[in-house]
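Asker: Sharing a structure with you now.
The values are calculated or read from the model by the stated rules, or taken from the named source; none is laboratory data. Keep in mind that this is a model prediction, so the values were computed, not measured. Every residue, glycine as well, gets a Cβ built from its backbone with ideal geometry; the counts of neighbours run over all protein chains shown. These area figures cover heavy atoms from the full protein model, side chains too; ligands, DNA and RNA do not enter into them. Shrake-Rupley method; radii C 1.70, N 1.55, O 1.52, S 1.80 Å.
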Amino acid sequence: MKTINRRQALLFGLGGLSAVALPALHLNRASAQGAHDMHNMSPAAAAAPSGVKLPHPALLEADSSGLINLKIAKARHSFQAETSAASAGINGNYFGPVVRLKNKSHVRFTVQNNMDEATTLHWHGLMIPSDMDGGPHNVIKPGALWQPEFDVNQAVSFNWFHSHMHQETARQAHMGIAGLLHVSDGGDRERGLPDTFGTDDLFLAFQDRRVIDGDTVYAPDFMDLMHGFRGQYLTVNGAIAPVATVPQSIVRLRLLNASNARNYHFRFQDGRMMHVIASDGGFLAKPVAVDILTIAPGERYEVLADFSNGMAVDFVSLADDGSGRTPKLNDAPNLEHLMRFEVSDGLKADVTKLISVLEEPAAADPAKSVRSRSFIFDENMAGNMAMMRKKMMGGETAPMGQMDHSQMGQMQMQPPTKMQEMMSNSANGAMDHGEHSARSADQMGPTLTAATSGITMSMADKPFDMNRVDVEAKLGSMEIWKLKAVEMGHPFHIHGANFRVLTKNSQAAPDYQQGWKDTVLVDGEAELLVHFKAEGKRSHPFMFHCHVLEHEDTGMMAQFVTA
Ligand code: C2O
Ligand code: CU
Ligand code: CU
């Protein structure tokens with residue numbers, strides 16, 4: 001048990017509400033005890049190795065005419081035996097295939113929306129003109145077909161695609177409207193890298209879920225919208241605690257954090273190294289060995305892992321406290337189980353030596369910047385708290401106990417909620433870091449939607465507005481962007497551009513973040529050198545935003561065009 005400080009209090013949503021809410025709390029010991037038990041049941045325990053074989057997404061390449069067909073539909077998915085959850089998928093029940101794009105090719109897509117709601121499909125990481133980018137301006141109506149086409153001409157890289165429907169992105173991506181994508185030049189074998197798809201070149205998408213059974217899988221409450229939706233079930237390619245069988249050799253893991261808000265701090269349980277060879281925008285100059293790898297939502301890393309000793313190993317995450325900081329191993333003894341690797345000598349061992357050199361990205365040269373800009377990730381904590389207090393109580397001062405439930409509109413609160421219990425616990429100085437990430441279905445407040453909650457956040461001083469262009473940049477130019485996150489860590493992402501991380505809190509970024517990227521976790525201050533690579537048309541401005549999808553949906557997003 002730890003005493004929480006102000007920053008953590010804000011992080012857990014206690015900033016303004018607690019003073020009002022606490023006097024009205026009538027805590028029932030039994031349910032408080034229940035919450036405690038729930039908390040002690042760590043996600044790791046909840047996800048003891050299942051023995052389920054790692055599902056690997058199928059490979060999808062363009063046909064001889066350069067065409068790739070994608071179909072989006074609602075479905076059901078079984079994350080665990082004997083469960084069935086409402087889901088959505090692309091060419092499948094949940095999530096999508098691995099689309100392989102040949103570099104220097106022209107590619108055409110058909111994206112058929114077979115759902116009863118509108119969506120979009122954004123190619124996260126592709127440097128293509130904004131009217132093909134699949135952002136909020138590229139709406140695909142129910143039953144409609146979208147046919148983007150573009151030239152692929154960029155660094156060999158591991159990317160993904162996902163819904164970017166304004167104010168619905170968090171729900172739709174969480175349902176499974178997403179897939180993996182990589183740009184290939186066919187040269188990986190020559191580079192000495194594993195490239196046997198699904199065998200020694202594994203694509204892994206990590207998503208946490210709160211509900212894995214039934215129809216209502218995404219029902220965020222106030223805290224979820226403020227801090228991002230986290231769930232206690234950690235899934236890999238749609239399975240809980242799966243087992244991958246790998247050859248007794250060097251294996252390439254392409255890691256995507258496809259979660260709405262959770263950061264992962266990957267680690268092999270036995271401490272063996274991950275050799276980072278690439279980040280979002282392509283290869284690093286040389287492999288960087290790390291024992292813990294923090295990855296924020298939307299971010300990708302490719303790592304090499306050495307299984308040549310034949311030993312099985314668990315892949316785990318250090319518990320995430322939502323702050324954006326990488327926990328110290330000793331600070332977070334509860335390791336959350338993600339998956340297990342077992343080694344089979346029946347699989348062909350292709351690559352047995354770690355490469356030492358990759359492709360040097362041109363040195364980041366801040367002198368190339370033509371101007372600088374500053375942006376703040378603004379949760380509007382005080383304003384949103386006051387708004388919510390008002391909504392819940394029909395006034396600033398009415399005590400919680402006298403709340404008229406009919407005034408609560410869409411908020412059907414069932415007192416005392418676990419949210420209130422948590423507030424009470426924290427007032428006693430008894431709240432633990434893990435509490436937020438370990439919340440489960442019965443610990444929730446009333447369900448809200450980004451569109452109707454009234455919550456507003458911003459990235460460029462004002463909440464997102466589809467009709468306002470926030471930045472005009474020169475196509476092909478570079479700018480220094482100074483980003484600031486105050487209360488918690490936020491993953492910054494920009495479309496149609498790549499950047500280098502110049503500094504994080506005035507220090508050099510860690511070596512594995514020295515390559516080209518499009519997403520980076522900002523906790524405190526960061527300086528980026530942004531390279532505007534694709535044309536941002538006025539009809540379809542490009543986005544930059546926080547990749548905590550609840551933040552994006554509530555307005556922590558802005559637009560730019562290029563000239
Ligand atoms: Cu991965 Cu604007 O998104
Ligand atoms: Cu993107
Ligand atoms: Cu954010």
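Asker: Within the range 262-302, take every residue that is within 16 Å of ligand 2 (Cβ to nearest atom) and of a type in the set (Gly, Ala, Ser) and give me the one that is surrounded by the fewest Cβ atoms within 10 Å (Cβ to Cβ).
Answerer: Of everything passing the filter in the range 262-302, Gly282 is surrounded by the fewest Cβ atoms within 10 Å (Cβ to Cβ).
Asker: Within the range 492-511, which residues are away from ligand 2 (no atom under 16 Å from the Cβ) and open to solvent by less than 20 Å² (accessible area, probe 1.4 Å)?
Answerer: Within the range 492-511, the subset away from ligand 2 (no atom under 16 Å from the Cβ) is 500-511.
Listed by number, the residues that qualify are Arg500, Val501, Ala509.
Asker: Identify the residue in the range 348-375 that is open to solvent by 90 Å² or more (accessible area, probe 1.4 Å) and among the β-branched types (Val, Ile, Thr) and, among all such residues, is farthest from ligand 3 (Cβ to nearest atom).
Answerer: Here the answer is Thr352.
Asker: Is there any pair with a first residue in the range 118-131 that is within 16 Å of ligand 3 (Cβ to nearest atom) and open to solvent by 10 Å² or more (accessible area, probe 1.4 Å) and a second that is outside any helix (DSSP H, G or I) and of a type in the set (Asp, Glu) whose Cβ atoms are under 9 Å apart and which are 6 or more apart or on different chains, and what are they?
Answerer: No pair meets every condition.
Yes/no per residue for (1) within 16 Å of ligand 1 (Cβ to nearest atom); (2) surrounded by fewer than 24 Cβ atoms within 10 Å (Cβ to Cβ); (3) assigned to a strand (DSSP E or B):
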position: Phe158; (1), (2), (3): yes, no, yes
position: His166; (1), (2), (3): yes, yes, no
position: Gly186; (1), (2), (3): no, yes, no
position: Arg189; (1), (2), (3): no, yes, no
position: Gly192; (1), (2), (3): no, yes, no
position: Thr199; (1), (2), (3): no, yes, no
position: Ile212; (1), (2), (3): no, yes, no
position: Pro220; (1), (2), (3): no, no, no
position: Met226; (1), (2), (3): no, no, no
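Asker: With Val520, Val501, Val561 as the choices, which residue is at pLDDT 95 or above and within 16 Å of ligand 3 (Cβ to nearest atom)? Outline the logic, then answer.
Answerer: On the way: Val501 fails: within 16 Å of ligand 3 (Cβ to nearest atom); Val561 fails: within 16 Å of ligand 3 (Cβ to nearest atom).
After ruling out the rest, the residue left standing is Val520.
Asker: Those residues that are in a loop (DSSP other than H, G, I, E, B) and either crowded, with 24+ Cβ neighbours inside 10 Å or within 21 Å of the chain's Cα centre (by Cα) (or both), I need them from the range 248-261; list them, please. Write out each step before concluding.
Answerer: Narrowing the range 248-261 to residues in a loop (DSSP other than H, G, I, E, B): 248-249, 258-261.
Residues satisfying the conditions are Ala258, Ser259, Asn260, Ala261.
Asker: Return the pair list, or none, for Cβ contacts closer than 6 Å from residues in the range 502-519 that are touching a residue at least 12 places away in the same chain (Cβ under 8 Å) and away from ligand 1 (no atom under 16 Å from the Cβ) to residues that are open to solvent by 30 Å² or more (accessible area, probe 1.4 Å) and in a strand (DSSP E or B), at least 6 apart or on different chains.
Answerer: Close Cβ pairs (under 6 Å, with a partner that is open to solvent by 30 Å² or more (accessible area, probe 1.4 Å) and in a strand (DSSP E or B)) amount to Leu502/Glu527; Thr503/Glu527; Asn505/Glu525.
Asker: For the range 495-563, give me every one of the strands (runs of 3 or more DSSP E) that falls completely inside it and has 2 or more residues that are aromatic (Phe, Trp, Tyr).
Answerer: Numbers: elements: 497-504, 519-532, 542-546, 557-562.
The qualifying strands (runs of 3 or more DSSP E) are 542-546.
Asker: Could you list, in sequence order, all residues of the range 132-143 that are open to solvent by 10 Å² or more (accessible area, probe 1.4 Å) and away from ligand 1 (no atom under 15 Å from the Cβ)?
Answerer: Across the range 132-143, the qualifying residues are Lys141, Pro142, Gly143.
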